[in-house]
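As C-alpha cells, the structure follows; a few thoughts come after it.
Every number here is computed from the coordinates shown, using simple stated rules; none is lab data. No experiment lies behind these values; they were computed from the predicted model shown. In this analysis, Cβ positions are derived from the backbone assuming ideal geometry, glycine residues included, and neighbour counts consider all displayed protein chains.
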Amino acid sequence: MKNFKDAVKEILTMFEREEFTEQLAISIIRRRSDEDVIPSDNWSILNRLIMLMIGRTEDARTYLQWQSIGRQVKKGAKAFQIIAPMTKKIIDEETGEEEIKLIGFKGLPVFAIECTDGEPIKRADYKPERLTLNMERLIEAVEAMGATVDWSAMRGTALGSYRPADNTIKLHSESYVVLAHEAVHFAHNTFEDVLSIDSAKAEIVAELGAAVLCILADEKGYEKQSYEYIRKYAKTDDPKVVIKAVNSVLTTVEKAVGIIIDNMVPPALKEPPAL
C-alpha cells in the first residue's frame with residue numbers, strides 16, 4: 001500500500017515529465033427544477049463574490065425578501081451591502097419611445113440566511129443516492145473531525161467550497177477529487193487559519209493534498225487537472241517553478257493529509273450490518 005512519500009514521488013514524476021493518465025471529466029450537479037432557484041443566482045459575479053467573501057453565506061436576501069417567504073431577520077443581525085444598479089425611465093426624443101437608462105449604482109443591504117429564523121426553505125436534495133467506498137470513507141473522516149458535508153446544484157464556476165466560519169464543505173460535484181480538495185482545506189484550517197494566509201498557497205496545498213489522496217485511494221484521471229490547477233496558482237508556465245511551488249508546501253500538505261488519514265476508519269474495522 002502506498003504511503004505519503006510514495007504518492008508525492010509519483011506526483012512529482014508526472015509533473016516533471018508532464019505525462020498523465022487519461023483525464024476524467026469532473027461531474028457537475030445541475031439544478032433539477034426552478035424551485036431551487038434563489039435570488040442570488042441572478043446576481044452579478046461581483047455581488048456573488050461579495051456574498052461569499054464578505055457575507056460568508058450562499059444565500060442572502062433583502063429584509064422584505066426574507067419576510068415574503070416566512071422568515072424573519074434576527075434581532076441585532078447585521079446586513080452587508082451588495083451593489084445595485086440605479087435606473088431611470090427616459091423618453092427618446094427621436095423615437096418617442098420609453099427607455100430605461102442606467103444612471104449609477106447604490107449599496108443594497110442584504111442579510112445572510114444564517115441571520116434569519118422562520119419557515120424552512122424548500123431545497124431539492126442533491127446528495128448522491130450512492131457513494132463510492134472512497135467517498136464514504138473520506139466523508140466519514142471529515143465529519144468525525146467536525147465538518148458538515150452538503151450537496152447542492154452548481155451555481156457560478158466553483159465545483160466546491162469550504163467555509164471556515166461553520167466548517168461546512170459544499171459540493172457541486174460527485175467527483176472524489178473535489179471532495180478531497182475541500183477536505184484538505186478543512187484539515188489545513190485545523191492548524192493554520194486558511195483565511196489569514198496567501199490564498200494561492202492555500203489553493204496549492206488543497207490541490208496537492210487532493211492529488212495525494214487520489215493516489216492513495218487509487219483514484220485515476222485527475223493528475224493533469226491537479227497539475228494545471230497548481231500551475232495556475234503558481235502563476236507560471238515553467239514546470240520547474242511548478243515543482244518548486246509543490247516542494248514549498250510539502251510539509252503543510254503532509255500534515256493536513258495525515259490528519260485526514262488518521263480519522264479514516266479502515267473498512268475491516270467497521271461494524272458489520274445487523275442481521
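For the chain, calculate the relative contact order in percent as a whole number, restricting contacts to Cα pairs under 8 Å that are 6 or more residues apart.
Working: 377 pairs, mean separation 59.5, N = 275.
Reported as a whole number, the value is 22 percent.
Considering only Ala187, Ala206, Ala84, give the residue with the highest GNM mean-square fluctuation for the chain, with springs between Cα atoms whenever their separation is below 10 Å.
Ala84
Please identify every one of the chymotrypsin sites (Phe, Trp or Tyr not before Pro) in the range 149-212 that sits in a loop by DSSP and has no more than 13 other beta carbons within 10 Å of its own beta carbon.
Phe191
Once both labels are modelled 7 Å past Cα along the beta-carbon direction, what's the Lys232-Leu46 spacing in nm?
Once both label points are built, they end up 2.3 nm from each other.
Determine the alpha carbon to alpha carbon distance for each of Lys75/Lys170; Lys9/Lys201; Lys78/Lys101; Lys89/Lys122 and list only those over 30 Å.
On the way: Lys75/Lys170 28 Å; Lys9/Lys201 20 Å; Lys78/Lys101 32 Å; Lys89/Lys122 37 Å.
Listed pairs above 30 Å: Lys78/Lys101; Lys89/Lys122.
Near the amide H of Ser175, under 5 Å away, which other amide H atoms are found, from residues 5 or more places off or on another chain, if H is placed in the peptide plane?
The answer is Ser27.
Would you kindly state how much longer the chain becomes between Asp6 and Leu133 on full extension, computed as 0.36 nm times their sequence separation minus their alpha carbon distance, in nm to one decimal?
Between Asp6 and Leu133, full extension yields an extra 43.5 nm.
Of His188, His172, how do they rank once you tally other Cβ atoms within 10 Å and put the fewest first?
Lowest count first: His172, His188.
For the range 75-123, run through the GluC sites (Glu not before Pro) and keep only the ones in DSSP coil with at most 13 other Cβ atoms within 10 Å of their Cβ.
Glu93, Glu94, Glu97
Which ordering of Met51, Met264 is given by a fewest-first count of other beta-carbon atoms within 10 Å?
If I rank by nearby Cβ atoms, fewest first, I get Met264, Met51.
How large is the direction-averaged shadow of the alpha-carbon convex hull of the range 37-118, in nm²?
6.8 nm²
Go ahead and set up a Gaussian network model of the chain, Cα springs under 10 Å, then flag whichever of Gly258, Gly221, Gly104 fluctuates most.
With Cα springs under 10 Å in the chain, the top fluctuation among Gly258, Gly221, Gly104 is at Gly104.
Report the calculated FRET efficiency for Arg31 and Ser248 (r = Cβ-Cβ distance, R0 = 51 Å), to the nearest 0.05.
FRET efficiency, Arg31 to Ser248: 0.85.
From the list (i) 25, 23, 18; (ii) 40, 25, 18; (iii) 66, 24, 14, can you say which value of semi-axes √(5λ) of the Cα gyration tensor in Å was derived from the structure given?
Given (i) 25, 23, 18; (ii) 40, 25, 18; (iii) 66, 24, 14, the structure-derived one carries the label (ii).
Taking the beta-carbon count within 10 Å as an exposure proxy, list Ile261, Ile45, Ile197 from fewest neighbours to most.
Numbers: Ile261 17, Ile45 9, Ile197 13.
Going from sparsest to densest Cβ surroundings: Ile45, Ile197, Ile261.
Given springs between every Cα pair under 10 Å in a Gaussian network model of the chain, which of Pro120, Pro39, Pro109 has the largest fluctuation?
Among Pro120, Pro39, Pro109, the largest GNM mean-square fluctuation belongs to Pro120.
R0 = 35 Å: FRET efficiency of Glu93 with Leu64, Cβ-based, nearest 0.05? Don't jump to the answer; show the numbers that get you there.
Details: r = 36 Å, r/R0 = 1.03.
Efficiency computed from Cβ-Cβ geometry: 0.45.
What trypsin sites (Lys or Arg not before Pro) in the range 118-197 are in a loop by DSSP, with at most 10 other Cβ atoms within 10 Å of the Cβ? Please report the intermediate quantities before stating the final value.
Values: sites: Lys122, Arg123, Arg130, Arg137, Arg155, Lys170; in loops: Lys122, Arg123, Arg130, Arg155.
Loop-located and lightly packed - Lys122, Arg130.
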